[in-house]
Amino acid sequence: MRIEQIGRSSEPPIDFVVMDTVVGDKTGDAKVLQSTISRFACRILADRNDVNNCRIYAAGFDSSRNIFLGWRRYTTRGRRRHQEKATKWTENHEIDGLTTNGVLMMHPRGEFCGGNAVCGPWRETSVGGAVFSLRESRSAQQKGLPCQAETNVLRDGTMIDLCGATLLWRSAEGLKNSPTKRDLEALVDELNAGRPQCPVGLNTLVIPRKLSSVHQDLNQPYVYLNCGHVQGEHSWGAESSETGVRRCPMCLTAGPVVRVCMGIEPAFYVDSGPPTYAFNPCGHMASEKTVKYWASVDIPHGTNGFHAICPFCAAPLQGTPGYVRLIFQDNLD
C-alpha cells in the first residue's frame, strides 16, 4: 500500500499542501486570516496492485507519527491553551474519530466521464474509514448515522471537501477518456475559425484561452447573461454604470454582461463536446454536459450550507439554472 497525506501543514509528513480556496484568486496572493482546513486533514491509501482500490481516511499522521485530529484554542487566566475538540469513540475495542471540521466526500451516481453522472449524497469519513451521514453542523460533537452500504473507496469524479478547499478525484482511466488541454485549445481555435462577429461594432471577436488584464480589447467577446448573445465591447444599451446592467441590442433583454473565457482545465470536463455554454456570473465556457453537471453539484459551504460553483474559478453560480447557452453570430463568410 502507498499512503499520501493531504493538509494545510508544510511539514514533511504532508505530501500535498492545500490552502483555502479564495473565489476568483488565480495568483495565490489572496490570504485567509484563519484557515478552516486541518493541518493534517486526510490521507489516501492506494493499493499498488489495484489502481481502482484507493481509500480515503480522515486525519493524517504528524511528525511524531501520531494521528492528528485537531485542537481548539482558548485563553484562561491570561494563558493560551489547547484542547482536543474532535469527536472520538470506541467500537469493538478500537478507537475511531472525526476531525474537527470533518472530511466529506461525494461519489457521483453514474459514470463521471461521459456526462451521465448526477450528484450523489455527501458523506463523512472517519479516521478508520467508516462512512457516516453528515453532522447537524460542520463541527458538531455528535457524529452522523452510519452508512453501512457505502464505502470510502474513491471513484472517478469523487469530490473531497476539507472545509475550505474542495478536491476532485480523477482516475487514470477517467483521465484517459477525457479531453486534453490540446483538445480544449483546438475547440477554441475551431470557434474562432468561424469568425464570430459583434453585431454592433461589426468587428471579429476572438475567444481567449485565458482572460487578459486589458479590459479595452475590442476583440474580447462578452456575453449577456440573461439571453446568451455574445458581442464585443460597446456602450450601446448601458442602463446603469453602477450595476453594469445593459440591454441586449439583439433581443432587448436587460441584464448583466461579462467577459467570456474558455475554461482550460481538462480534469473538470465530463465530455469532449464544443464549448457552447457559460457559467453565470463568471463567463467561463465549457461543453453543455460539463456546465450542466457542475451546476447540479452542491458544494459544502459554511457550517451546514451548500451551493453550486464554477469549477474553474470557484465563483458561486447565480440565478436559475446558473448558466447560459452562448449565441454567436458566426460563419458569416
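The values are calculated or read from the model by the stated rules, or taken from the named source; none is laboratory data. Just so you know, these numbers come straight off a predicted model, no measurement behind them. Glycine also receives a Cβ, built like all others from the backbone with ideal geometry; neighbour counts cover every protein chain displayed. Surface areas here come from the heavy atoms of the whole protein model, side chains and all, with no ligands, DNA or RNA. Shrake-Rupley method; radii C 1.70, N 1.55, O 1.52, S 1.80 Å.
Conditions tested, residue by residue: (1) free of Cβ contacts under 8 Å to residues at least 24 places away in the same chain; (2) within 30 Å of T21 (Cα to Cα).
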{"residue": "L168", "(1), (2)": "no, yes"}
{"residue": "K181", "(1), (2)": "no, yes"}
{"residue": "D189", "(1), (2)": "yes, no"}
{"residue": "V200", "(1), (2)": "no, no"}
{"residue": "R209", "(1), (2)": "no, yes"}
{"residue": "V223", "(1), (2)": "no, yes"}
{"residue": "G232", "(1), (2)": "no, no"}
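Would you confirm whether any residue within the stretch 178-189 is over 16 Å from F132 (Cβ atoms), touching a Gly at 6+ places or on another chain (Cβ under 7 Å) and not small (G, A, S)?
Looking through the stretch 178-189, none of the residues is over 16 Å from F132 (Cβ atoms), touching a Gly at 6+ places or on another chain (Cβ under 7 Å) and not small (G, A, S).
Taking the condition of being modelled with pLDDT of 95 or more, open to solvent by 40 Å² or more (accessible area, probe 1.4 Å) and among the aliphatic types (A, V, I, L, M), how many residues in the stretch 159-174 meet it?
Count: 2.
Would you mention how many residues in the stretch 35-49 are in a loop (DSSP other than H, G, I, E, B), surrounded by 16 or more Cβ atoms within 10 Å (Cβ to Cβ) and among the charged types (D, E, K, R)?
Within the stretch 35-49, residues that are in a loop (DSSP other than H, G, I, E, B), surrounded by 16 or more Cβ atoms within 10 Å (Cβ to Cβ) and among the charged types (D, E, K, R) number 1.
How about the stretch 297-329: which of its residues are assigned to a strand (DSSP E or B) and buried (at least 20 other Cβ atoms within 10 Å of the Cβ)?
Answer for the stretch 297-329, where residues must be assigned to a strand (DSSP E or B) and buried (at least 20 other Cβ atoms within 10 Å of the Cβ): I299, P300, I309, Y323, V324.
Any residue at all in the stretch 256-264 that's open to solvent by 30 Å² or more (accessible area, probe 1.4 Å), in contact with a helix residue (DSSP H, G or I) (Cβ under 7 Å, 6 or more places away or on another chain) and either assigned to a loop (DSSP other than H, G, I, E, B) or touching a residue at least 24 places away in the same chain (Cβ under 8 Å) (or both)?
yes
In the stretch 65-90, how many are modelled with pLDDT of 80 or more and either among the polar types (S, T, N, Q) or surrounded by 11 or more Cβ atoms within 10 Å (Cβ to Cβ) (or both)?
5
Considering only residues of the stretch 140-158 that are buried (at least 18 other Cβ atoms within 10 Å of the Cβ) and touching a Ser or Thr at 6+ places or on another chain (Cβ under 6 Å), which is farthest from E265 (Cα to Cα)?
Only one residue tops the list, namely K143.
Only residues in the stretch 119-130 that are within 15 Å of T166 (Cβ to Cβ) and open to solvent by less than 20 Å² (accessible area, probe 1.4 Å) count as the first member; pair them with residues that are of a type in the set (G, A, S) and assigned to a loop (DSSP other than H, G, I, E, B), Cβ under 7 angstrom, at least 6 apart or cross-chain, and list the lot.
Hits for this filter: E124/G102; E124/G144.
Is it the case that L202 is farther than 22 Å from C42 by Cβ and either modelled with pLDDT of 95 or more or open to solvent by 30 Å² or more (accessible area, probe 1.4 Å) (or both)?
It is true that L202 is farther than 22 Å from C42 by Cβ and either modelled with pLDDT of 95 or more or open to solvent by 30 Å² or more (accessible area, probe 1.4 Å) (or both).
Hey, can you tell me all the residues within the stretch 91-106 that are open to solvent by 40 Å² or more (accessible area, probe 1.4 Å) and of a type in the set (A, V, I, L, M, F, W, C)?
I95
Among the residues of the stretch 107-118, what is the count of those that are surrounded by 21 or more Cβ atoms within 10 Å (Cβ to Cβ) and under 18 Å from L162 (Cα atoms)?
The number of residues fulfilling the criteria is 1.
Looking only at the stretch 101-117, which residues are in a loop (DSSP other than H, G, I, E, B) and farther than 18 Å from Y57 by Cα?
Scanning the stretch 101-117 gives P108, G110, E111, F112, C113, G114, G115, N116, A117.
Every residue in the stretch 269-296 that is open to solvent by 40 Å² or more (accessible area, probe 1.4 Å) and either among the β-branched types (V, I, T) or assigned to a loop (DSSP other than H, G, I, E, B) (or both), please.
Those that are open to solvent by 40 Å² or more (accessible area, probe 1.4 Å) and either among the β-branched types (V, I, T) or assigned to a loop (DSSP other than H, G, I, E, B) (or both): S272, P274, T276, S296.
Select from the stretch 291-333 the residues that are out of contact with any helix residue (DSSP H, G or I) (no Cβ under 8 Å at 6 or more places or on another chain), more than 17 Å from T276 (Cα to Cα) and among the small types (G, A, S) and list them in ascending order.
S296, G302, G305, A314, A315, G319
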